[in-house]
1. Starting from 0.36 nm per residue, how many nanometres of slack lie between GLU18 and TRP64 once their C-alpha separation is accounted for?
2. Just round it to a whole percent: the fraction of Cα-Cα distances in the chain exceeding 13 Å.
3. Taking the Cβ of SER58 as the centre, find all other residues whose Cβ is under 14 Å away and add up their charges (Lys, Arg: +1; Asp, Glu: -1).
4. Mind giving me the nanometre distance, one decimal, between the label points for ASP8 and THR56, set 7 Å out from Cα along Cα→Cβ?
Amino acid sequence: HDDAGHADVGAMYAYTCEAPTKLTGLEATLFSVYPSLEKLSVQGILPTGQTAAELTPSANKLSW
């Protein structure tokens with residue numbers, strides 16, 4: 001955090017996949033677009049159950 005403080009941003013995305021069994025994870029590329037982004041909290045509902053993770057610039061992939 002710097003003198004300007006920090007901000008939280010919320011967003012919700014819903015994806016519909018025709019072949020969900022082929023979807024094995026995701027990679028967050030927002031860190032390269034927004035260099036000041038420190039972490040990304042991810043929650044997912046999958047055919048196999050729920051998943052959650054906190055992604056960072058050095059750990060930006062989630063597999064299931």
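1. Computed gain between GLU18 and TRP64 is 14.8 nm.
2. For the chain, the share of Cα pairs beyond 13 Å comes to 69 percent.
3. So the surrounding residues net to -1.
4. For the pair ASP8/THR56, the computed spacing is 1.9 nm.
All of the numbers you see were taken from the coordinates with simple rules; none came from a lab. All values derive from a computational prediction rather than experimental measurement. Note that each Cβ is placed from the backbone with ideal geometry, even for glycine, and that neighbours are counted across all protein chains shown.
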